[in-house]
Structures are given as structure tokens and as C-alpha cells.
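First the structure, in the form of C-alpha cells, and then the observations on it.
Any read-out appearing in this document is the output of simple, stated calculations on the displayed coordinates, not a laboratory observation. Computed from a predicted model, the values in this text were never measured in an experiment. Cβ sites come from the backbone with ideal geometry, for glycine too, and all protein chains shown count toward neighbours.
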Amino acid sequence: MSPRWPLEWDLGLFSVVFAGGTMTTKFDPVAAMADSRHEFGEHGGVNSSIEASTTFTVMAADEMPKIFRGERGPFSMQARNATGGCYLYGRNFNPTVYTFGRMLAAMEGTQAGYATASGLGAIAAVLMQLCNAGERIVSSKTIYGGTFALLKEFFPLKSGVTTTFVDITDHAAVEAAMQQAPTKVLYIESIANPTLEVADIPALAAIAHRHGAALVVDNTFAPMLLSPVQLGADVVVHSVTKFISGASDVIAGAVCGSEAFIYSLMDLHTGALMLLGPTMDPKIAHELTLRLPHLGLRMREHSARALGFAERLAERGAKVCYPGLPSHPQHELLQSQLNEGFGCGGLLTLDMGTVARANRLMEILQNDHSFGFMAVSLGYFETLMSCSGSSTSSELTEAEQAAAGISPGLIRISIGLTGSFEQRWAQMADALSAVESGSGI
Ligand SMILES: *Cc1c(COP(=O)(O)O)cnc(C)c1O
């Protein structure tokens, strides 16, 4: 029988922080990460060394069978009686990737974490680990297009796992969908792509747990600002490609959760990461460990600028959506869940009404003003803009897009960090005036 939550799985170390529906102590990811990178390099370097080996020796031949029996391994797995510091093969655990995983686990306040070759690799592995053929997922209908395609098209065809899509702001609808047994996972994004809908994580965790399911949260849009496991979730997944990398140069992903769950993903016989193999290269993992220490600073700046843009766009009467604006439907809800000091994130959307006007605005901003780039993705230090309906959410049909609140002229903007704020705002104001005056349409 597969495990049921929360009885048979350990929840995160800090999940007691959220007690009785009121936050007693705010989780501080900066403080939690303080010691996570304190590891000397091979020659006393202030950076840890890169373990570039794909395979690892044992000093005595009889150690090898113990590794295969799970009696020795890299984790201090009391439950499995394994001792630490013993590696086998790079697809299983690599010490450098594991160091990065530990830093991410510290950031999310979970017992363990591990990194993967892509965000979707992490999401697919987690969901396959939690759901067997014939079992069900209940998912938010407002999610990343690739995840939507995985759940709607790929899983039913290839693994017999089916998904019911719901409006997660309607808790009665979520509860009703969860009643269809056997539902194993409630899947949400902390701040959704691209509509910036905010999930009520404590309430959704309670619903999931009432039905013996795990709450899995994609926290790609809100690293540092939200810590879903502290709010009651069981597993966090990330597209590290976005804010955590911050440079639009690396595709990467991650999973954070209990030690038992992370270890299960690496099981030699039944582990989805071990057997499907979306393995992160240790050189990439090492490079990413150099970016986590300033993730908090970057998120603060992304958020401050995004809020500044959102306020000025709103003043101009533009149709702007940003969770830091009081006009956002879940503004108060987000405030109640946020960690302190990182703002409300770097993404905003601007509805230009029609695709033609949206495209015109983006062209002026990119080609006349070097304001940013017309490109998918987000979390880059430069501004990225895309028209969601015809790009990252085009996996959704027109009706599905309408239901998810994605109008055709909706531009998703990931606000960057370069240039001065006033310089960038002047460029935006100029481009908006050009579109409004109809020049060039
Ligand atoms: C980009 C993205 C993914 C997919 O991640 P990759 O790293 O591109 O595989 C998943 N979820 C969200 C919210 C994303 O933005």
C-alpha cells in the first residue's frame, strides 16, 4: 500500500510553526540558510569543491552489497539504518548536487532536498512517485502550460494517472474533487502562472490531508517570499531555471520535502529520480550554489521594482495585476502567508485588450527602448515579456484559457534588475503612450 499523509510520512521539520491556523513565528529563509553552504573546499577553499565523479569507491569490497541493500548511503537515515558519507553512482546521489539540495532544503525549511535537470523533470518524478496507475491527482486549473500538458495529456496516456482540474480559490469545489478516490495529490502553484492567483496553502493542505493526499506546491514564482512547507504543504518543487538561477543560462529543477520522501525518489528499485534519470550535472549544481546566497537580495529588488511598476501602471489606468496591489483579489491572503522582507514577487501582468496592442507594446519596449526581451521564461536579471495566451499557456485551449483567466492581450512581465527604476519607467510610459495614440498599429 502506498503511504498516506501525514501519518506515514514525516512532515517538514518546521511545519509545527503553523499551529491552529495562526502563524506564531515567521519563518526566515535567510536565517535558515545561514550555515547551509559552510563547507570547505578540498584545499581549504572558501567554496566547496566540485565532485565531478560519476562513480565512487568503497574501501572494503563488502561495503558494496550494503549500499545496494540500502544499509549504507549518503543520508543519515535512521529508519533505514544507513550511515552517512557513502556514495554509489552519480544518478543516485552526487555530493555536489546534494550540497545544493541541502541549501534548497534549508531555504524551504524541509528535512531534505535534491536538484534535477529541469523543473518539469522534478515535477514529473514527484507526481509519478506519489501516484500509481489508476490513482488520481486534483490540480489547480491555473498552472504552467508544460505541467498542464503533462497532467492532461501525457499521464493518462502513459501512466494511467488522471487529473481533475479545479478552481483552487473555490475550496468547496476542491473538497468535492478530492472525494473521488483514490486521490493521492493536490497540486498547486503558490503564485500561479500566468494569472498570479495566490493559493491559500494552509486551507488547501488541510483539505488534502483530510483526504489522505499530499499537497505538492510549485514555488517557482515565489522562492524566499513563500515557504509552502511552513504553511502546511508536504512537497515543494521548483523550476530552478527561473529566479533561483537568475541568469537565464541554466535549465534546472528541485524537490524539497521530508528525508523519507527524497530518499524514496532515489530508491534503486522504485525511485522516480533514480530510474527516470533527470540528473543534474554537479558542475551546474556547484555554479547554482554560488547564486543562492544572493537570491534573497535579488527577490527583494525584483519585488520592489514590480510593485513600483504596478502602482504607476494602475495610476495610469492600465489593467495591471500584481499581488502586491490592494486591488488583487488575494492581496490580504498573500500578506498573511508571506515571509518578511521579500515583497510580493517579480511578476506582473498587463492586459492590453488585444493581441495586436500587446505585441505592439512589447515590440516598442524591446526594439526601441531595450527595456527587456520578448521571450518566455522569468526570473532573469533582465526584463522578460511574453503574451501568455499565444506562448507559455498555448497548451490550453481557448476555452481553458478563458476559464483560467488568460485573456488574449495579457502580457506577463518578469521585471528585471538592470537600469535605474526611473529610466525603465520612462521607457514603459513612452511605449504605452505610443500604443495608446495608435501610432504604428
Ligand atoms: C518554467 C516553469 C516550469 C518548468 O520548469 P523547467 O525548468 O523549464 O523544466 C514549471 N513550473 C513553473 C511555474 C514554471 O514557470
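General remarks:
- Note on residue 57 and residue 158: with the Förster distance fixed at 35 Å, the Cβ-Cβ geometry gives a FRET efficiency of about 0.40.
- In Å, descending, principal axis extents of the Cα set of the chain: 78, 55, 43
- Mean Cα-pair separation over length for the stretch 294-437, i.e. relative contact order, pairs under 8 Å, 6 or more apart, %: 26
- In this calculation the C-beta distance from residue 398 to residue 69 is compared with R0 = 51 Å, giving a FRET efficiency of 0.40.
- Kirkwood hydrodynamic radius of the stretch 218-364, from inverse mean 1/r over distinct Cα pairs, in Å: 17.6
- For q = 0.14, 0.16, 0.17 Å⁻¹, Debye-computed log10 I/I(0) when each Cα of the stretch 294-437 counts as one equal scatterer: -0.65, -0.85, -0.96
- Share antiparallel - DSSP beta bridges, the chain, percent rounded to 5: 55
- Per the Cα gyration tensor, the stretch 250-293 maps to an equivalent ellipsoid with semi-axes of 22, 13, 7 Å, ordered largest to smallest.
- The GluC sites (Glu not before Pro) of the stretch 295-375 that meet both conditions, a loop assignment by DSSP and at most 16 other Cβ atoms within 10 Å of the site Cβ, are 340.
- The chain: Lys pairs at Cα distance under 29 angstrom, eight or more positions apart or on different chains: 14
- Residue 356/residue 49 FRET efficiency (R0 51 Å; Cβ-Cβ; nearest 0.05): 0.40
- Length released on extending from residue 180 to residue 436, taking residue separation times 0.36 nm less the Cα-Cα span: 87.2 nm
- Packing-based ranking of 160-172, 137-149, 213-225 yields 213-225, 137-149, 160-172, ordered from highest to lowest mean Cβ neighbour count within 10 Å.
- Around the amide H of residue 117, modelled in the peptide plane, lie the amide H atoms of 253, 279, 280, all under 5 Å away and 5 or more residues distant in sequence or on another chain.
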